[in-house]
1. Sort 158-166, 1-9, 91-99 for me by packing, meaning the mean count of neighbouring Cβ atoms within 10 Å per residue, highest on top.
2. Which of the aspartates and glutamates could a cross-linker bridge to LYS68, judged by Cα under 12 Å and excluding same-chain residues fewer than eight apart?
3. What number of lysine-lysine pairs in region 86-170 show an alpha-carbon separation below 23 angstrom, given a sequence spacing of 8 or more or placement on distinct chains?
4. For the chain, just run the numbers: alpha carbon Rg, then divide by 2.2 N^0.38 Å, N being how many residues it has.
5. Pulled fully out, how much extra length does the chain show between GLN61 and ARG163, if you take 0.36 nm times their separation in residues and subtract their Cα-Cα distance?
6. Please give the contour-minus-distance gain from ASN90 to GLN129: 0.36 nm per residue of separation, less the Cα-Cα distance, rounded to one decimal in nm.
7. Mind giving me the FRET efficiency for GLU144 and THR5? R0 is 30 Å, r the Cβ-Cβ distance, nearest 0.05 is fine.
8. Kindly provide the helix-only [θ] at 222 nm of the chain, computed as the sum of -39,500 (n - 2.57) over DSSP H runs of four or more divided by all residues, to the nearest 500 deg cm²/dmol?
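Every read-out reported here was derived from the displayed coordinates using simple, explicitly stated rules and does not represent laboratory data. Note that the structure is a prediction, hence the values are computed from the model and not measured. Here the Cβ positions follow ideal geometry from the backbone for every residue, glycine too, while neighbour counts run over all protein chains shown.
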Amino acid sequence: MKTITINLNEPKSGKSETASADFEDSEMFLFEEYLANADKLNELSIVKEGVLGKINVEFIQGEEPLFKTQLPEEEKILSLLHRLRMFILNDEKASYNKITGMILRNFNNSLVKSIIKKHRKIYDGRCFQGAIQVKSNGKIINSEEVLFLWLNSFEYHSDQTKRKEIEKLH
């Protein structure tokens with residue numbers, strides 16, 4: 001058992017507080033694995049450079065919007081997707097959802113919980129969807145659901161059923 005103490009500062013209110021929680025040794029091991037995976041992710045040039053690509057949308061009233069995209073090199077995207085597997089696949093023992101869930105369970109502090117919940121909304125795309133929703137055939141394209149559909153049909157697996165679902169979006 002190990003006690004973790006964190007200092008929290010809320011910039012808007014200037015409020016500062018300390019929160020502590022106890023974690024089992026097995027949970028600490030998962031934290032260490034998560035951090036090791038984060039270090040590997042941060043080694044990638046696509047992460048170091050900080051620019052993933054560009055999307056421009058041109059919209060003229062009464063006309064179809066025009067989307068222009070500029071993506072990084074395919075090799076960089078593939079290396080990023082490979083390293084992200086440890087974070088985004090929920091079956092991974094130290095995935096983002098499992099680690100943040102563990103933090104939510106162990107910390108009994110409203111500020112910690114609100115910070116984690118806010119970050120989860122950023123992580124799963126709900127914040128971005130609040131600004132922009134891209135839909136095709138009734139499905140929100142910029143969603144975690146469609147991302148996993150695509151990953152499992154084209155990148156991480158070759159699931160033909162999911163591939164057909166993706167093709168329906170065209």
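1. Values: 158-166: 13.2, 1-9: 10.7, 91-99: 16.6.
Put in order of decreasing packing, that is 91-99, 158-166, 1-9.
2. By straight Cα distance, LYS68 reaches GLU58.
3. Lysine pairs meeting the criterion: 17.
4. Values: Rg = 19.4 Å, N = 170, 2.2 N^0.38 = 15.5 Å.
Relative to the rule-of-thumb radius for its length, the chain sits at 1.25.
5. Values: separation 102, 0.36 × 102 = 36.72 nm, distance 3.38 nm.
Stretched out fully, the GLN61 to ARG163 stretch lengthens by 33.3 nm.
6. Values: separation 39, 0.36 × 39 = 14.04 nm, distance 2.15 nm.
Length difference between fully extended and current span is 11.9 nm.
7. 0.40
8. That comes out to -14500 deg cm²/dmol.
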